[in-house]
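Visitor: Have a look at the structure that comes next, please.
Taken together, the values in this text are just the output of simple stated rules run on the coordinates, not laboratory data. Computed from a prediction, not measured in an experiment: that's the story for all the values here. In this analysis, Cβ positions are derived from the backbone assuming ideal geometry, glycine residues included, and neighbour counts consider all displayed protein chains.
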Amino acid sequence: MGGLRHIQTVDAVDIIVPPFLHKELTIKAAEAGKHVYVEKPMARSLGECRSMIRASADAGKRLMVGESYFFSGPHVLARKLIDEGEIGTVQQVRINKAPWVFTPEEDERLDGGGHDPPWRFDPVLSGGGDYPFMFDHACHLFATARLFGMYGIVHCVPVCLPPCLPTCVCDCSRLWMTST
């Protein structure tokens, strides 16, 4: 990324690497005068996030964390219905998330590696400790709840880890947020 400063035609970069690299690359990009779009989760710790924010602010550049669920068709429709008053005030968001189901095409696209690369389960590299699902994927669930207007207190985040998945019937990966 050292040569990035000299590439005048590049205004922004998309950081699409595992979270343990986000801080370093975001700071380098900001120092090179580039806006940054970093994939979720933003970083492994609040301290890393603050360093990224500070570097971008010091450089006068924008920093955005990618949240693809905001653009999901059902979520866009739900937000539209909320905005138009078709749905009353949102009092609670309950999200259930099942394990990823792979199609043969998806498995081929990922060279048989699936969505579970080894860094996701390494507490140092992922930042997620014993709960990689909560760290790496739950940010989508919290962002979705915020999209629907939920800025309240999280009341319940039960998580079930393998071996109970994928045959789990205990409604284990759910997120409840209730407006206060």
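Visitor: Only counting other Cβ atoms within 10 Å, I'd like Asp122, Asp83 sorted with the fewest neighbours first.
Guide: Asp83, Asp122
Visitor: Here is a follow-up. Listing Thr103, Thr144 from the residue with the fewest other Cβ atoms within 10 Å to the one with the most, what is the order?
Guide: In increasing order of surrounding Cβ atoms, one gets Thr103, Thr144.
Visitor: Tell me, what is the FRET efficiency for Glu106 and Phe20 to the nearest 0.05, using R0 = 22 angstrom and their Cβ-Cβ distance as r?
Guide: My answer for the efficiency is 0.30.
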